[in-house]
Amino acid sequence: MKRISRQTSRGAEQARQELPTILAEAAAGHTTVITRRGREVAAVVPITAARPVKVMPLTALAGTGRSLWGARSAAAIARLREEWKR
């Protein structure tokens, strides 16, 4: 992954007016943080810096309970039962 060389900050209104410039900077590897009333609310980053989210369909797990209690499910359930006995 390419290292981001520069980060700038712009207010929301300024970012709206300078969007083409911000996009050109992102293509060049620079990050721009967008602020609203002084608080950071968004960032325009180069596509190489964005991590794609791996989507896993949940239909394969439907009704199985797999991964619900972790690798040692029997121990996790035993702990919960003990907790309720107190």
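Any read-out appearing in this document is the output of simple, stated calculations on the displayed coordinates, not a laboratory observation. Computed from a predicted model, the values in this text were never measured in an experiment. Heads up, the Cβs are rebuilt from the backbone with ideal geometry, glycines too, and the neighbour counts pull from every protein chain shown.
Pairs of Cα atoms nearer than 8 Å and 6+ residues apart set the relative contact order; for segment 7-49 it is 40 percent. Counted residue by residue at 0.36 nm each, then reduced by the alpha carbon distance between them, the extension gain from W84 to A42 reaches 10.7 nm.
Multiplying the residue separation of I77 and A49 by 0.36 nm and subtracting their alpha-carbon distance yields 6.0 nm.
The modelled label-to-label distance between L23 and M56, using points 7 Å beyond Cα along the C-beta direction, is 3.6 nm.
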